[in-house]
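See structure below.
The numbers here are math on the coordinates, done by the rules we state, and not lab data. Every value quoted in this text rests on a predicted model; they were computed, and no experiment measured them. Glycine also receives a Cβ, built like all others from the backbone with ideal geometry; neighbour counts cover every protein chain displayed.
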Amino acid sequence: MTVGDKKQCLMPLPHCGVDQEDVPETLQSAPCLTQEQAARLAEIGIMVERYFRTPQDKEKYDIVFSGEGMVAQNGIAIGKVFLYEDGQDLDDFPPGAILVTRHASPKFAMIAKYAAGIITDIGSPAGHMATIAREFRVPTLVDTGIATSLLHQGQEITLDTEGKVVYDGSAQALCYYVFTDDNFADTYEYRLLKRVLKKISPLTFVDPEDKRFSPRFCRTFHDITRFVHEKAVEELINLNYYDLKHERSRAQKLKLDIPLDLMLINIGEGLAPGAGTRAVLPRQITSVPLNAFLKGLTREGMWNSEPMSVDFKSFMSSLTRTHPPHQTKPGSIGQNLVVMSKEYMNISLRLGYHFNMIDAYMGPNPNDNYIYFRFFGGVTDAGRRTRRVSFLAQVLEKAHFRMKQDNDLLVAKTKKMSWERMEESLFLVGELVAFTRQLDVKMLNVSAGCHLRCLSGILKIQTPLNFPWIEGTTMHFSPRWKRT
């Protein structure tokens, strides 16, 4: 205990108030509290901090923002902001920095152990990145909605996840609070849970096309869940076409103003009571994700029914190209099927020579929401098909989809979004499916393009996009994917 010199003191007045007096010289260097009193005062301070779950003496620090987001990992971190932008090289991440990013992603697992802290605009405490952050005990605050707009590159900040506060500058005093807390990592329960999670959380099944994607190679419960989900989706797509034509089939045809035959299978509250047994009108659909998708698919100006001229090389390319076995079964080509409920939809679309699959869930809990979009094929040569997929990938990336592209195959995914963002994203997917239906025919080459004037202004996004193979078609999108 350090004792300071005290030249003056405050003394109570007889009735009320205090008066300042000189301290006798013999008492100026004497402690005001005994060792027992000082220890008791420190104990009370620690009890107050633990009760409020945050340090109490922090008035001198400027607050950047507070009360936003969800805690993925408790703790306090001090460091400089590393503001991640899409496509940035993560090798540039400096150890000890605080990662600030728009969207939580599993790709940040590679730098999590080097980060002092993590803050995201969008994300969930149940996500893969949050799990990795907890494994390395990195203080993490997700789904703040505003971090990337308030923090700038290189700014030194202090992150207090327990209080959900970000301070400007280095608040060293807050770090001492961490030392007063119990070390839960040393407990038997924590060590046991860590061993159990090794059999639950890790995911080794990433690519469904891998030859090891089978039950015998499942190593964790996450692997089993991934395998079951992929196979369930595959069975939904491959429902026998002839069963849909049978009189006892539950399939119903949707009447649309566009030339598209779409069969519906309602698995629960996807249609309004009294909907036709064989034919359904769009207004009778109560499936929330399907309604959002159809609004984009049928939007005026998106569906072009004019005949397209195809050159001989492209025509021969489409004739000589083979399809996977499950796409060449009798009745499979041309089958368009939707399996739906009030909050779920799985769509399998065969439009000419290209194929779309959209699997989506849209419920009240953002953590459960997701969209899976698979696009493949076309009637033209490989170059033009790949250009179309590249166009789709660039648009969807701006909507915070994660992409995997292999020539003319595109797999796009997004998840953990609010109701509003889900509706806007499904609307966008519907627009893209309609608009790009014959777009490969128009994408003649990379350098010259083909004057797709109608593209400009159809879709709206925040960042301008330029496509060199489509002359005069810079697309200007508005924030938060609002339709115009």
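Values for this structure:
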{"item": "Under the Karplus curve 6.51 cos²θ - 1.76 cosθ + 1.60, θ = phi - 60°, whole-Hz ³J(HN,Hα) for segment 16-22, x wherever Gly or Pro sits", "result": "6, x, 9, 10, 8, 10, 6"}
{"item": "Estimated distance in nm for a label pair at residue 295 and residue 279, the labels positioned 7 Å out from Cα along Cα-to-Cβ", "result": "2.6 nm"}
{"item": "FRET efficiency estimate (nearest 0.05) - Cβ-Cβ, residue 260 to residue 228, R0 25 angstrom", "result": "0.20"}
{"item": "³J(HN,Hα), Karplus 6.51/-1.76/1.60, whole Hz, each residue of segment 251-267, x for Gly, Pro", "result": "5, 10, 8, 8, 8, 10, 7, 9, x, 9, 7, 10, 9, 10, 10, 8, 9"}
{"item": "Neighbourhood charge, 14 Å Cβ-Cβ cut-off, centred on residue 81 and excluding it, Lys, Arg +1 and Asp, Glu -1", "result": "-3"}
{"item": "Cα centroid separation - segment 148-170 against segment 65-112, whole Å", "result": "11 Å"}
{"item": "Gain on full stretching of the segment that runs from residue 403 to residue 23 - 0.36 nm per residue minus C-alpha separation", "result": "129.5 nm"}
{"item": "Amide H within-cut-off set for residue 72, under 5 Å, with H built and near neighbours excluded", "result": "140, 141, 142"}
{"item": "Cα gyration tensor category, rounded, prolate or oblate, for segment 8-52 with a/c compared to 1.5", "result": "oblate"}
{"item": "Gained length - residue 419 relative to residue 170, 0.36 nm times residue gap less alpha-carbon distance", "result": "85.9 nm"}
{"item": "Residue 214 versus residue 44: modelled label distance in nm, points set 7 Å from Cα along the beta carbon direction", "result": "7.1 nm"}
{"item": "Violating pairs (Cα-Cα greater than 28 angstrom) within the set 231/413; 255/404; 80/164; 107/198; 164/199; 113/231", "result": "255/404; 164/199; 113/231"}
